[in-house]
Amino acid sequence: MQGGSLQGWHAPEITGNRYTGVGNWSTQDIAEYLQTGGNHRSVASGPMAEAVTHSLQYLSTADLHAIGVYLKSMPGSDRQAPAALAASDSTMTLGHTLFMQNCGACHRSSGQGVTGMVSSLADSAGVRAPDPANMLSTILIGSRGAMTQSNPTGAAMPNFSWKLTDGDIAAISTYIRNSWGNAAAPVSADEVRKARNSLGARAAVGIAQNK
Ligand code: HEC
């Protein structure tokens with residue numbers, strides 16, 4: 001339950017660890033996420049959206065709460081937050097500008113998104129994951145949130161591979177991983193290049209260079 005990689009995605013830690021697990025989620029947050037596909041913290045996408053859409057949403061509310069109590073009781077990994085990069089760091093200021101231009105309309109300048117529709121990026125274990133694969137895949141090729149009986153909208157995230165260079169995406173990812181209560185290792189342009197290649201995402205036309 002401490003997370004792992006599969007199908008090009010990173011399945012996050014789901015123990016009581018507050019940094020990379022669900023320790024900062026209430027049992028109600030967990031039940032709501034599994035039943036509706038999202039909550040004020042996150043929106044299920046990729047293989048997790050499939051699990052919610054085709055299976056978990058049909059569990060009883062009591063069972064979903066029991067799952068939440070169980071997950072939170074698990075001790076989990078000893079991963080801890082490093083010191084966050086300073087907001088004045090040059091990668092952080094570039095990331096901030098690019099975030100406001102490309103992401104802020106949906107995810108908001110506070111990083112808090114829209115409950116049940118656009119994932120919150122603030123104080124987010126998903127954002128702080130040791131492996132940034134989900135973040136890079138979501139930015140490069142976009143993704144679709146879970147569609148459920150109680151939340152049939154199933155919002156989607158557009159892709160940015162065509163617009164943002166490897167360096168742009170590295171700066172935005174590093175900015176998100178070190179803002180709004182998050183602290184995590186920076187993401188390099190080389191990591192983005194490898195993700196772009198393995199996902200078969202197109203090259204950027206590089207029009208977002210108006211820093
Ligand atoms: C048109 C609205 C929209 C824009 C613009 C947008 N997003 Fe998203 N984003 C979403 C939605 C909706 C989701 C949740 C559904 C999903 O994951 O597919 C999401 C999910 C995410 C996630 C996954 C969060 C998690 O819980 O792990 C990340 C990371 C992310 N967006 C980053 C970005 C970045 C970086 C940009 C700008 C380059 C951006 N988004 C621009 C709508 C948007």
**Report entry** Within the stretch 7-50: backbone nitrogen closer than 15 Å to the LYS194 label point (7 Å, Cα to C-beta)
**Finding:** 8-10
Query raised in the report: With the dipole of the stretch 34-110 worked out from charges on the C-beta (+1 for Lys and Arg, -1 for Asp and Glu) around the Cα centre, which of ILE67, LEU56, SER88 lies farthest toward the positive end?
Result: SER88
Query raised in the report: When the chain is modelled as a GNM with alpha-carbon springs shorter than 10 Å, which of THR61, THR91, THR53 fluctuates the most?
Result: THR61
Query raised in the report: How far, in degrees from 0 to 90, does helix 27-36 lean away from the longest principal axis of the Cα atoms of the chain, to the nearest 10?
Result: 80
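Using a Förster radius of 30 Å, what is the FRET efficiency between MET100 and SER26 based on their Cβ-Cβ separation? Nearest 0.05, please.
After rounding, the FRET efficiency stands at 0.45.
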Report task. Note the full-extension length gain between GLN80 and HIS65 as 0.36 nm times their separation in residues minus their Cα-Cα distance, in nm to one decimal. Result -> 2.8 nm
Query raised in the report: For a label point 7 angstrom out from the Cα of THR93 toward its Cβ, which stretches of the stretch 168-207 have the backbone nitrogen within less than 16 Å?
Result: 171-172, 175
Query raised in the report: What Kirkwood radius, in Å to one decimal, follows from the Cα pairs of the stretch 1-127?
Result: 15.8
Report summary line: Rounded to the nearest 10, the angle in degrees between the Cα long axis of helix 90-102 and the longest principal axis of the Cα atoms of the chain comes to 70
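Since every read-out is calculated from the coordinates, none of them should be taken as a lab result. Model, not experiment: these values are computed from the prediction. Don't worry about glycine lacking a Cβ; one is built from the backbone with ideal geometry, like all the others, and counts go over all protein chains shown.
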